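S.K.: Here it is: the structure, laid out below.
The values are calculated or read from the model by the stated rules, or taken from the named source; none is laboratory data. Here the structure is a predicted model, which is why all the values come from computation and not from measurement. Note: ideal-geometry Cβ built from the backbone for every residue, glycine included; neighbour counts use all protein chains shown. Note: areas computed on protein heavy atoms with side chains; ligands, DNA, RNA excluded. Shrake-Rupley method; radii C 1.70, N 1.55, O 1.52, S 1.80 Å.
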Amino acid sequence: MDLIQALRAALPHEGGVLTDPDLLRSYEHDEADLCAYGTPAVVVRPRTTGQVSAVLRAASRHRVPVIPQGARSGLAGGANAIDGAIVLSLVAMNEIIDIDAANRVAVVQPGVVNAQLRRAVADKGLYYPPDPGSWEQSTIGGNVSTDAGGMCCVKYGVTSDHVIGLEVVLASGEVLNCGRRTAKGVAGYDLTSLFVGSEGTLGVITEITVKLRPAPADSLTLVAVFDTLPAAGAAVSSVIASGLQPSMLEVIDRVSLSAIEAYRPMDLPTTAAALLIAAVDSGSRAPDDLAAIAALCRHAQASDVHVATDSVEADALLAARRLAHPALEQFAAQLYPGGGGIMVDDVAVPRTRLVELIEGIESIAATHGVVVATVGHAGDGNLHPIIVIDRSDPASLARGQKVFDAIMSLGLALGGTSTGEHGVGLLKRDWLAREIGPTGLKAHRSIKAALDPDNILNPGKIF
């Protein structure tokens with residue numbers, strides 16, 4: 001039996017196996033379309049763990065690469081296909097299996113959308129914190145595979161801080177269950193943490209157990225306007241050093257503000273160099289905490305500080321931050337008609353080095369004559385410099401790459417990391433190698449060889 005026949009036998013439902021060339025092309029890459037990608041031989045859309053297992057057994061027999069995909073909202077090329085591969089799309093595995101309010105855990109399939117889970121547990125008075133900017137699109141499986149973060153990371157951490165158990169199908173087709181549903185558990189190696197952030201290179205995640213929190217109090221939100229981006233960074237440093245615990249602390253620079261306002265007008269202060277959005281959800285202490293943050297912003301020379309008057313206004317500010325990516329895509333298209341594009345970086349540094357990172361990014365952009373918009377999770381030192389390029393101009397692409405590399409080099413020099421939440425994928429393989437060194441790479445390769453000896457799972461990604 002050839003590969004396609006085996007796959008059709010394993011996934012007999014309508015839409016389970018796709019071979020139409022036009023459909024295949026729609027599965028070629030994630031949002032990092034400047035990274036290399038190819039055309040798969042086939043796309044499979046399983047509905048059960050058993051079907052995923054059958055796909056991997058067939059792939060293993062035929063020695064065909066398998067590229068796991070979710071919503072393809074990733075920004076590092078981790079879901080990009082290669083020629084002749086099987087793309088294993090997990091979006092049809094989208095069931096919330098269980099919400100156990102008493103034990104504060106939920107069990108979901110990987111195709112469940114982040115916002116869907118957030119809303120489902122909220123109905124039971126619970127809270128699932130990770131909230132990537134793409135939360136209305138990105139899946140929990142993709143979030144786990146890349147260890148996604150979001151705007152709440154400053155207080156609640158990234159995805160790995162909330163995943164306690166996984167069901168994973170290995171390259172052989174064997175099903176591995178790791179982790180727990182209990183509040184505590186230290187039995188054996190922490191295999192759950194190994195698979196979180198592995199970007200589909202070690203196994204295919206088919207079920208996820210996450211811990212939940214009681215729903216927090218309603219947030220209070222403020223915006224602070226600054227005449228320079230480093231001044232906003234200094235305010236962030238002051239807030240963190242003070243011991244205050246905001247639930248959000250985001251920065252948006254002038255380029256991003258202008259792009260967002262053009263994309264969806266909402267009276268943003270587009271002449272400001274930077275906008276800082278801070279929120280607290282500390283219950284009865286929230287008014288005092290927010291007042292303290294406001295005072296620190298004024299001390300850092302904020303030209304204006306405005307406290308949101310109600311949840312509608314606060315939600316609008318949060319929505320503005322989430323719009324940065326599509327708004328800058330539109331900005332690039334208008335700046336370079338027919339060829340405009342963006343390269344999204346993701347660098348994190350110790351919070352005490354944030355101002356140096358901000359100043360360095362501004363200097364790098366000026367040196368190379370490239371527009372760089374900066375947004376990010378300033379409260380945990382994780383910025384997303386967005387490099388605007390003309391795809392149709394090789395010189396513009398080359399300048400953009402130089403800026404990207406210079407920012408990455410600066411981040412590592414400041415004691416940072418090459419990715420805070422987007423993952424390595426194809427985009428940052430070389431930078432990961434620099435960051436972890438030869439011994440680190442050897443350890444990665446040894447683990448990969450042990451779990452995927454034929455290298456069929458997402459080959460070429462991460463390292």
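S.K.: So how do 390-401, 71-82, 286-297 stack up, highest first, on mean other-Cβ count within 10 Å?
M.R.: Output ranking for 390-401, 71-82, 286-297: 71-82, 286-297, 390-401.
S.K.: Tell me which of 383, 439, 354 sits at the most positive position along the dipole axis of the stretch 312-463, charges placed on C-beta atoms (Lys, Arg +1; Asp, Glu -1).
M.R.: The residue sitting most towards the positive pole is 439.
S.K.: Give the cross-link partners of residue 184 among the lysines, using a straight C-alpha distance below 27 Å as the criterion and excluding same-chain residues fewer than 8 apart.
M.R.: Counting by Cα, and skipping residues close in sequence, residue 184 has these lysines nearby: 124, 155, 211.
S.K.: In square angstrom, rounded to the nearest 10, how much accessible surface does residue 448 have for a 1.4 Å probe?
M.R.: Surface open to solvent at residue 448 totals about 20 Å².
S.K.: Where does each of 451, 202 land when they are ordered by accessible area, with a 1.4 Å probe and the largest first?
M.R.: The most accessible residue leads, giving 451, 202.
S.K.: Select from the stretch 136-235 those trypsin sites (Lys or Arg not before Pro) which occupy a DSSP coil region and have at most 12 other Cβ atoms within 10 Å, ordered by residue number.
M.R.: Answer by residue number: 184.
S.K.: State the percentage of accessible surface on the stretch 367-415 attributable to carbon and sulfur atoms; use a 1.4 Å probe and exclude ligands, DNA and RNA.
M.R.: Carbon and sulfur together cover 56 percent of it.
S.K.: Whole Å is fine, so just give me how far the alpha carbon centre of the stretch 94-120 lies from that of the stretch 1-58.
M.R.: Measuring centre to centre over Cα atoms gives 25 Å.
S.K.: Excluding same-chain residues fewer than 8 positions from residue 402, which lysines have a Cα within less than 23 Å of its Cα?
M.R.: 428, 461
S.K.: Follow-up. Excluding ligands, DNA and RNA, what is the solvent-accessible area per residue of the chain at a probe of 1.4 Å, expressed in Å²?
M.R.: Ligands and nucleic acids excluded, the result is 41 Å² per residue.
S.K.: In Å, what Rg and Dmax follow from the Cα atoms of the chain?
M.R.: 22.2, 72
S.K.: So, how do all the Cα-to-Cα distances of the stretch 266-393 break down into 10 Å bins, in percent, from 0 on up?
M.R.: Once binned at 10 Å, the Cα pair distances of the stretch 266-393 give 10, 35, 36, 15, 4, 0.
S.K.: Quote the charge dipole size of the chain about the Cα centre in Debye, to the nearest 20; the model charges only the Cβ of Lys and Arg (+1) and of Asp and Glu (-1).
M.R.: 1180 debye
S.K.: Determine the distance separating the Cα centre of the stretch 399-451 from the Cα centre of the stretch 273-352; give it in Å without decimals.
M.R.: 27 Å
S.K.: When the helices in the chain are scored as -39500 (n - 2.57) per DSSP H run of 4 or longer and the sum is shared across all residues, what 222 nm value do you end up with, to the nearest 500 deg cm²/dmol?
M.R.: Computed ellipticity for the chain at 222 nm equals -11500 deg cm²/dmol.
S.K.: Quick one: putting +1 on the C-beta of Lys and Arg, -1 on the C-beta of Asp and Glu, what dipole do you get for the stretch 1-57 around its Cα centre, in Debye to the nearest 20?
M.R.: Dipole about the Cα centre, nearest 20: 380 debye.
S.K.: With just the Cα atoms of the stretch 92-176, tell me how far they stretch along each of the three principal axes, in Å, largest first.
M.R.: Over the stretch 92-176, Cα extents along the principal axes are 38, 26, 22 Å.
S.K.: I would also like to ask the following. In the chain, which whole DSSP H runs stretch at least 15 Å along their own axis (Cα) and average 0.5 or higher on the Kyte-Doolittle scale?
M.R.: 229-241, 286-299, 354-368, 394-413
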